[in-house]
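What follows is a set of notes on a single structure, which appears directly below.
Just so it is clear, none of the values below were taken in a lab; they were calculated from the coordinates. Everything numeric in this text was worked out from a predicted model, so none of it was measured. Don't worry about glycine lacking a Cβ; one is built from the backbone with ideal geometry, like all the others, and counts go over all protein chains shown.
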Amino acid sequence: MNRKRTFTFTVATVISTLVLSTFMTGLMSFFITAINTGQLPPNISDWIRAWMVGWAIGTPIVFFVAPISKRVGLYFSDDPRDK
């Protein structure tokens, strides 16, 4: 079986995944905490606690979902540069 590898875990991939998950979970937890508490900006301790839980859950999900989403994107792409 000769499958083309569509995703490799290089150092740059790991760093970009960590940066992406940190910003994504930070912003999401900030706004969700603000909405749930009715305060803008939310209490810093509530936000940091929500961020740490969200980061611990979100980062592994990004690592596992990124290769799948890349394959789906390549499947539906008609751009010749993606082939």
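Applying D = kT/(6 pi eta Rh) to region 39-78, where Rh is the Kirkwood radius over alpha-carbon pairs, T corresponds to 25 °C and eta to 0.890 mPa s, the Stokes-Einstein value obtained is 198 µm²/s.
Relative to the longest principal axis of the Cα atoms of the chain, the long axis of helix 11-37 lies at roughly 30 degrees. Stokes-Einstein diffusion for the chain, with the hydrodynamic radius set to the Kirkwood value over Cα pairs and evaluated at 20 °C in a medium of 1.002 mPa s, equals 144 µm²/s.
When the chain is described by a simple charge dipole with +1 on each Lys and Arg Cβ and -1 on each Asp and Glu Cβ, the residue from I35, F9, P60 located farthest towards its positive end is F9.
Under the criterion of Cα pairs below 8 Å and six or more residues apart, the relative contact order for the chain equals 35 percent. Write down the Kirkwood hydrodynamic radius of region 18-61, to one decimal in angstroms, obtained as one divided by the mean of 1/r over all alpha carbon pairs. Result for region 18-61 stands at 10.2 Å. Each of M52 and S69 was given a label point 7 Å from its Cα along the Cα-to-Cβ line. The distance between the two points is 2.6 nm.
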